[in-house]
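A quick write-up on the structure given underneath.
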Amino acid sequence: MAPSRSFTWSRRIFLTLLTGFVLIPVYVMISSSLKPLADVTGKFRWLPSGLTIRPYIDIWSTVPLARYFVNSLIVAGAATVCSVVIAVFAAYAVSRYEFRGKRVFTVTVLSTQMFPGILFLLPLFLLYVNIGNATGIALFGSRGGLILTYLTFSLPFSIWMLIGYFDSVPRDLDEAALVDGCGPLGALLRIVVPAAIPGIVAVAVYAFMTAWGEVLFASVMTNDTTRTLAVGLQGYSTLNNVYWNQIMAASLVVSVPVVAGFLLLQRYLVAGLTAGAVK
């Protein structure tokens, strides 16, 4: 039965309002990034009186944005790779094998998501400082320490998600690979991993986005040399002025890798979050 006219118009109005709610902030950000600072700090106008690309040039000199960009790429990329690799092996072991403490392990992994991140800030800070004093390994203020910090958040969710996805891959595929001469590792890498690409991509996107936009731990665990983009954007706000047009321009530049990656991997991401397909 076709929907009624009132329902159709109600849906159109709701979707129009929702689209405006989403797109208006984006328009304000883009238009503000193309205005001179005096126009941004003055009376707001929906249509700019003049456009300039100067903010997109100045963002690289006002703060060392390129260095922050490299730090974020290294930290987010390394955290993503480590999270995916470890989660694949851990989830495969839980999905395919029975061992003592299996239920305790899965419950523990899932229960870590109940605690707020700020609860771990002071313990990790003290742990990194004490390790540095005892061994000379500089975890505090280093990229390596920040990568380990992000693994504590992304890895449990990655393992839990991949366990469910590997469970959807038929065990007959593993058995067929073993019959053909593959070992357990070969069955994982040649059969299970290719069949679970959507779930692995979803985990990778989650881990990358978690590390890319994190502010709390990055503001405490880094210094001027290892600072990431999420914290570095604060540099456009000084005691004397706030460069709103450069903040908007830098925010757009920072969001490009995440948006581009999401658009490229959207098909795999949707499939992975809906438990994937069975091959």
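Below, the figures for the structure above:
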| item | result |
| --- | --- |
| Index of the failed condition, Ile147 passing every other in (1) open to solvent by less than 30 Å² (accessible area, probe 1.4 Å); (2) more than 25 Å from the chain's Cα centre (by Cα); (3) within 25 Å of Gly199 (Cβ to Cβ) | (2) |
| Total residues in region 111-141, condition open to solvent by 90 Å² or more (accessible area, probe 1.4 Å) and either in contact with a strand residue (DSSP E or B) (Cβ under 9 Å, 6 or more places away or on another chain) or outside any helix (DSSP H, G or I) (or both) | 2 |
| Residues of region 1-34 that turn out to be surrounded by 11 or more Cβ atoms within 10 Å (Cβ to Cβ) and assigned to a loop (DSSP other than H, G, I, E, B), as a count | 1 |
| Criterion violated by Ala176 - all others in (1) of a type in the set (Gly, Ala, Ser); (2) free of Cβ contacts under 8 Å to residues at least 24 places away in the same chain; (3) open to solvent by less than 30 Å² (accessible area, probe 1.4 Å) satisfied | (3) |
| Residue in region 250-271 that is surrounded by 20 or more Cβ atoms within 10 Å (Cβ to Cβ) and at pLDDT 85 or above present | yes |
| Candidate set from region 35-62 (those that are outside any helix (DSSP H, G or I) and in contact (Cβ under 8 Å) with a residue 40 or more places away in the chain); member that is surrounded by the fewest Cβ atoms within 10 Å (Cβ to Cβ) | Pro36 |
| Test: residue in region 63-75 that is among the aromatic types (Phe, Trp, Tyr), within 21 Å of Thr222 (Cα to Cα), assigned to a helix (DSSP H, G or I) and open to solvent by 70 Å² or more (accessible area, probe 1.4 Å) | no |
| Residue count, region 77-100 (criterion: within 22 Å of Tyr165 (Cβ to Cβ) and buried (at least 16 other Cβ atoms within 10 Å of the Cβ)) | 14 |
| Every pair of residues 6+ apart whose Cβ atoms lie under 8 Å, when the first sits in region 216-230 and is over 13 Å from Asn71 (Cβ atoms) while the second is among the small types (Gly, Ala, Ser) | Leu216/Gly117; Phe217/Gly117 |
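The values are calculated or read from the model by the stated rules, or taken from the named source; none is laboratory data. This one's a predicted model, so the numbers in the text were calculated from it and none came from an experiment. Neighbour counts run over all protein chains shown; Cβ positions are idealised from the backbone, glycine included. Each accessible area value is taken on the protein alone, full model and side chains, heavy atoms only, with ligands, DNA and RNA left out. Shrake-Rupley method; radii C 1.70, N 1.55, O 1.52, S 1.80 Å.
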